[in-house]
Every structure is written in C-alpha cells, then in structure tokens.
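Asker: Dropping a structure here in structure tokens format, bear with me for questions.
Each reported figure results from applying straightforward, stated rules to the coordinates on display, with no laboratory input. The model shown is predicted, which means the values in this text are computed figures rather than measured ones. Glycine gets a Cβ as well: all are built from the backbone with ideal geometry, and neighbour counts include every protein chain shown.
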Amino acid sequence: MRSARIFVILLLLLIVTFAGCRTNQVKDAGTPLAGKPGSTAQTEKKPPNTAPSLNAEKANGNLKVQFLDVGQGDSILIQFPDGKNMLVDAGPPESEQYVVSYLEKQGIKKINYLVATHPHLDHIGGFEKVLENFDIGSIYMPKVTANTKAFENALLSIEKKGLKIKVAKAGVSVIDQDKLQVGFVGPVDTGYEDLNNYSAVTRIQYGETAFLLTGDTGTLSENQMIASGANLKADVLKVGHHGSSHSSSIRFLAAVSPQYAVISVGVGNDYGHPSEKTIAKLNKAGIKILRTDQLRTIVFSSDGRTASRLVS
C-alpha cells in the first residue's frame, strides 16, 4: 500500500514530462579551470559546532559553501553572491533541528533551490522540517523512488506546499550567469541497481573556482560522468558516500583533481566510514582531507579567483 501511495504522490508532484525539464548542458562543460588556487587555510583545529559569522563575507559578494555537521549524513548550504540560497540534502532526522537553526542563524528565510540527491534517510531525513520552516523556490530530485516513510513524508510535505519536483540529472542547468554556473553532471543514466548511483551530482562554478557535490554516487556513476565528457574539475570535492570504498575511484579523483576533499561523516559510525582505502587514495593524490567528524561544520568562501576555507 505504501509503495502505491508513494507512486501516486510522486506522479502528482513531478513536472508534466521528465524530458520537458530544462536540460541545457552546463555552460562551461569541457572547459578546464584556470589552474589551482593557492591555499589560504589556517592551522586546522576543531571549531565549535555553531554557525560561523559570515556577515562580512556576504558584504563582499562571495560564494559560500558550507558542509554542515549533521553526523552520519549530508547537508550542504550554498549562499550565492546575489543573496540566493541552495540546500543540497538535509541530513538525517536527528539533525533536522540543527539544520533549521543553522540556516536561521545565517538569516535565511527562503531556499531558492532545494536538492535531494537521492531518497536515503541520511540525506532526506530533515526535508520535512526544512519544508515546514522556509519558503522554497525550486525542488530538484533524481527520477527514482524509495518505499520508505521518510521519502513519503518528504513528498507529502512538498505536496502540502503546492510545489513541483524538477528532475535532477546530467545536463540540467540550474543557474547560468556570467560568472556563476550551477548544474547537474550526474546521474548520467537510469535503471541502476544501487540507489546510490542515482545521486544528483551538483557542480558549482564561480569564476575560476568550482565545487563538486557528489551525494552517495558510486564508481559506476563516476565512470559514466567521466565518459560523458562533462567538466568535473573542482577545487573542492564532497567525497561520495561518506568516504566509502565504493566511491572515489582513482580515475574519478584524477578527473576532478581537487585541492580539498570534504568527507561528511558521523563520529564512530557503524559503517566504518571513511574507508581506509579511500583515505589512502586521497593522500596518495595529495588532496587535503577535511572531515566533519573531526572539524565539525566546514565552510569555504570563493571570490571567483580562489576558494579558501574559513576557520572560526
């Protein structure tokens, strides 16, 4: 019964045709970045689990990308130079109030773009609370369902607000401006056996800097993104599947060539994330690793020329 109910709700919410969703290719696909930015990171120390004061950064018109400490899950807040906001995932249910409080401390009243990378609990568990507390512009989700209470609740909350779902898939453009391009480079295909491979992979380019947010995407989807010819280069990579051994292949890391790798992971989690193999690959590639279980909420700022970690 639940499966049938979820299917009906999803049909009511989705845009009339999946293919009719805007599917412009990300503007700078295939264009490499203009070199690696220099690091301006300060000495690493564990900051408090509170929202950093970014008022001065807002005045400077910078792009801010914030990897929230939601434990074993994902939630990423992006604040664009024009004052608009994007939230990619909302963490597990136990972190829903933290996500809401964090956004409120940033002075956010509207989430212009809300993205659910895929319907796993540790990514959509906080969606219901976010939908209740903020005005929402556009919602993006991959074309896949899950027979879970959390997914059903998310769909019901979307329906209650009278919103429609836009499909997140490779080639869909969200923002296409002079210095700012935001769009999806994955998933490339459909019909995956592993739900993680449906993960919406978001690439954000601001000037000469870029961020790649991979959800829980696995090696299969990584290889398809490489084969698609999309520009995957990024200064900051949100490591797939919390640093699982099933993501972050050597080929994919070479294609992205990040300076920083952010792993969103819970302290002492039951999954053994991040995998020692993944950590070894990142270290061998000379990529600086930042983990939310060690550093808590991690914040980056970009002026379009360099992407720097802000340390409170």
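Asker: Using 0.36 nm per residue of separation minus the Cα-Cα distance, give me the extension gain between residue 149 and residue 270 in nm, one decimal.
Answerer: Roughly 41.4 nm would be gained on extension.
Asker: Rule-of-thumb check for region 238-312: C-alpha Rg over 2.2 N^0.38 Å?
Answerer: Rounded to two decimals, the normalised Rg is 1.11.
Asker: So between residue 177 and residue 223, what do we pick up on full extension, going 0.36 nm a residue minus the alpha carbon distance?
Answerer: Between residue 177 and residue 223, full extension yields an extra 13.7 nm.
Asker: Based on the mean of other beta carbon atoms within 10 Å per residue, what is the order of 185-197, 202-214, most packed first?
Answerer: Per-residue mean Cβ counts within 10 Å order the peptides as 202-214, 185-197.
Asker: What pairs in 64/281; 84/277; 64/169 have C-alpha atoms more than 31 Å from each other?
Answerer: Going by Cα-Cα distance, 84/277 fall outside the 31 Å limit.
Asker: Give me the net charge for the shell around residue 245: Cβ to Cβ below 11 angstrom, other residues only, Lys and Arg +1, Asp and Glu -1.
Answerer: Net local charge, residue 245 excluded: +1.
Asker: Quick one: check the C-alpha center-to-center distance for region 133-192 versus region 240-274, whole angstrom.
Answerer: 23
Asker: Let me check against my output: what whole-number percent is the relative contact order of region 186-259, with C-alpha pairs under 8 Å and at least 6 apart?
Answerer: Relative contact order here is 29 percent.
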